[in-house]
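K.L.:
Structure below; questions to follow.
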Amino acid sequence: MLHGPNLNLLGSREPSVYGRVTLAQLDRLIREHARRRGMRVECRQSNVEGQLVDWLQSAEGAGFGGVILNPGAYTHYSIALRDAVASIKLPVVEVHLSNVHGREEFRRHSVIAAVARGQISGFGTQSYLLGLDALAALARARPLRAPVGESPHPRRRLTGDVRGARG
Ligand code: DQA
């Protein structure tokens, strides 16, 4: 579970957008959800682009089966993160607390989405839990071998909308 820049401030940062749950509380929810599903999860946060790139690159070697990534503002412009996601074999699920498609114009474009397995956006802390469920479903469904010429993992996109909930 990789949290990008400014997500260390969850709880106090723009609570009308991101809610009042702190990062420590969110990580606890994530770990509990994973435990109930028999998954092991490690939660990390960094404000540094290169650190996130390093973690993505080393994830498979470290024994992880997938990555849930909230790239924060890097979502919208980090080609380095995009290339890191595209370079690794592990499935990466992009998640966002807020519905980035219902916010400012500059948030509507993700440079990560096209290379992630899918995007979950707009369900608050649930976005992360849905991300875990998505990785679990992928692990269950992954065919042993892809039909010739076909990717076993077509990239999908799933978005939600919390505009109503925020008024
Ligand atoms: C965010 C959305 C981004 O646009 C923003 O820069 C963030 C948080 C979210 O989780 O809703 O830092 O990724």
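K.L.:
List every residue pair whose Cβ atoms sit under 9 Å apart, with the two residues 6 or more apart in sequence or on different chains, where the first one lies in the stretch 15-34 and is touching a residue at least 40 places away in the same chain (Cβ under 8 Å) and the second, anywhere, is outside any helix (DSSP H, G or I) and of a type in the set (S, T, N, Q).
P.N.:
That search, which allows pairs on different chains as well, returns Val17/Ser98; Tyr18/Ser98; Gly19/Thr125; Val21/Thr125; Leu26/Thr125; Leu29/Thr125; Ile30/Thr125.
K.L.:
Say whether the condition of being within 11 Å of the ligand (Cβ to nearest atom) and within 18 Å of Val41 (Cβ to Cβ) is met by at least one residue in the stretch 127-145.
P.N.:
yes
K.L.:
Just the residues that are within 16 Å of Glu49 (Cα to Cα), away from the ligand (no atom under 15 Å from the Cβ) and surrounded by fewer than 23 Cβ atoms within 10 Å (Cβ to Cβ), please, taken from the stretch 68-98.
P.N.:
Ile79, Ala80, Asp83, Ala86, Ser87
Residue-wise test of (1) β-branched (Val, Ile, Thr); (2) on the phi > 0 side of the Ramachandran plot.
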residue	(1), (2)
Leu2	no, no
Pro5	no, no
Ser12	no, no
Pro15	no, no
Thr22	yes, no
Leu29	no, no
Gly38	no, yes
Glu49	no, no
Leu52	no, no
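K.L.:
Next question. If I ask for residues that are among the small types (Gly, Ala, Ser) and either in a helix (DSSP H, G or I) or over 19 Å from Ile79 (Cβ atoms) (or both), which ones from the stretch 99-115 would you list?
P.N.:
Gly102
K.L.:
Right, here's the next one. Those residues that are within 17 Å of the chain's Cα centre (by Cα), part of a loop (DSSP other than H, G, I, E, B) and farther than 19 Å from Ile112 by Cα, I need them from the stretch 31-63; list them, please.
P.N.:
Answer for the stretch 31-63, where residues must be within 17 Å of the chain's Cα centre (by Cα), part of a loop (DSSP other than H, G, I, E, B) and farther than 19 Å from Ile112 by Cα: Met39, Arg40, Val41, Glu42, Cys43.
K.L.:
Let me ask you something else. Looking only at residues in the stretch 84-110 that are of a type in the set (Gly, Ala, Ser) and within 18 Å of Pro5 (Cα to Cα), which one is farthest from the chain's Cα centre (by Cα)?
P.N.:
Ala84
K.L.:
Conditions: (1) loosely packed, with under 11 Cβ neighbours inside 10 Å; (2) at pLDDT 95 or above. Pro143 meets all but one. Number of the miss?
P.N.:
(2)
The values are calculated or read from the model by the stated rules, or taken from the named source; none is laboratory data. Values in this document were obtained by computation on a predicted structure and should not be read as measured data. A quick note on method: Cβ atoms are made from the backbone with ideal geometry, for glycine too, and the neighbour counts reach across all protein chains shown.
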